[in-house]
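Enquirer: Sharing a structure, written as structure tokens. Questions coming.
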Amino acid sequence: MFLARLIRAFLRRYAKIEAAAVAPFIVGRRALDLGAGEGYVARELHGLTGAWICSVDVGGFRRAAVPYVTYDGWRLPFGDEAFDTSLMLLALHHCAEPEAVLDEALRVTRRRLIVIESVYRNRLGLFWLWLLDGWLNGYRHDGLMSAALAFRTREEWQRLFASRGLRSVETRWLGPWWERLVHHPLLCVLDKAAVPSGVPVDERVGLNGRTGEWTCSGSGRDR
């Protein structure tokens, strides 16, 4: 379908913008892209940072040639503190229980969490978010992408992050002024309160008999 191809082209272009925004904040050599969708952002980030990035989502949505794992939406198949940085880019509002998904992301993250969320300021803004998000995702993968479930205000997300003891490193609005007329993408760079020492991160990823967890693998193909 022409419209679906047009949306894929838009998503590839938007992934470049997202990757450029978050690349300066990536720390460490291993990163997790949770709620990765097609995997476009991970591909761009690898090119920008050289980091090894594993994409994860609840369905087989991969269209980029990146390491990709499908999971059940609850328990990530990785060991504790397996990744230096985890990203949740326009993903939390698709979760039925964002708090549980956030906690699971923090479990597998050693140092930093990077979140981009669509936030609203009033009822009209919330209406546009529901409308645009539902329309866009309705054309992705034959409508199998999860519908938006948990849009929140900037203050509500920040209270959630603070309740987990996360320290704010950077908070900024993304996108040009015209985009923020109906869509307010907020970037939050968050560090865990303490960086624990112990087993090197390289030994916490993969199914190798030591961690007992899955390996993030598979090259896929670009589409």
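Enquirer: Between Leu6 and Trp178, 0.36 nm times their residue separation minus their Cα-Cα distance comes to what?
Expert: 59.9 nm
Enquirer: Continuing with this model, one more query. Indicate, rounded to the nearest 5 percent, the antiparallel portion of the DSSP beta bridges found entirely in segment 2-203.
Expert: 45 percent
Enquirer: Which of Tyr14, Tyr120 comes first, and how do the rest follow, when ranked by fewest Cβ neighbours within 10 Å?
Expert: If I rank by nearby Cβ atoms, fewest first, I get Tyr14, Tyr120.
Enquirer: So, how do all the Cα-to-Cα distances of segment 2-203 break down into 10 Å bins, in percent, from 0 on up?
Expert: Pair shares across the bins are 9, 37, 40, 13, 1, 0.
Here, each number is a calculation from the coordinates, and none is a lab measurement. Everything numeric in this text was worked out from a predicted model, so none of it was measured. All Cβ positions, even for glycine, are placed from backbone atoms using ideal geometry, and neighbour counts span all protein chains on display.
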